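I have placed the structure first, in the form of structure tokens, so that the comments after it can refer back to it.
The values are calculated or read from the model by the stated rules, or taken from the named source; none is laboratory data. This one's a predicted model, so the numbers in the text were calculated from it and none came from an experiment. Neighbour counts are summed over all protein chains in view; Cβ atoms, including those assigned to glycine, are modelled from backbone coordinates with ideal geometry.
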Amino acid sequence: MSVRKVSRAKPAPETLRFEDFREATSLGIRFPTLALYIEIEGRQIEDTLDYRFKHGRVWHKLAHTTGGHACNERYLIVTALTPKSYATEQSINLFATVWFDSQIQRGSPLESLLDYRASLYSYLAADCNYSYESLEEALLPIDIGFLPQLAADKLPQDLDELAEWENGYHRASQGRRWALAVLAKNSD
């Protein structure tokens, strides 16, 4: 009797396409939401991903409008997180309300950034020392180190374990890939 080997081929790499990114309402995402995400720059769309997300979490390709009336489009691969407590959820809601219609966006004056940082600390006891560059109305960044403090989700300490990588070199080459934010409604 011969034994037939079954090969487990990896699925073909996924190519990102603009039409795969959708608005929150069509994805069932409700704002505000605490989210873990990877941002995809526009020039990366139509490229092939060298990673696949593992089963166990729902990941969405979100086209998110930010920056108030500037209506900037951000492309995110995002998973919603569960706030650690009811108090955290309420603080997230209040925090998002404060920044709605702020018109803050990349390149806003330093005073606006400092106001944001103080507000983030006041509402969520968190900081944006490393993530502030992402700040725009409707995308309210939080340093990734505050993830365990804010989210109840059981996530690996090394977030890169959420994905399968085509090669280890690329996995190790991008130190600030993962981001944490409150995603909120834009005022446009």
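Please tell me if Ala126 is of a type in the set (Gly, Ala, Ser) and under 17 Å from Ala24 (Cβ atoms).
Criteria not met by Ala126.
From the list Gln157, Gln90, pick out the single residue that is loosely packed, with under 13 Cβ neighbours inside 10 Å and either of a type in the set (Val, Ile, Thr) or within 14 Å of Thr33 (Cβ to Cβ) (or both).
Just a single option satisfies the conditions, and that option is Gln90.
Restricting the range 155-176 to residues that are closer than 17 Å to Ala80 by Cα and not in a helix (DSSP H, G or I), which is modelled with the lowest pLDDT?
The residue in question is Ala163.
Considering each residue of the range 44-67, count those that are farther than 18 Å from Trp165 by Cα, assigned to a strand (DSSP E or B) and among the charged types (D, E, K, R), and give that number.
Count: 1.
With the requirement that a residue be at pLDDT below 80, under 25 Å from Leu139 (Cβ atoms) and either among the small types (Gly, Ala, Ser) or in contact with a Cys (Cβ under 7 Å, 6 or more places away or on another chain) (or both), what does the range 1-51 give you?
Gly42
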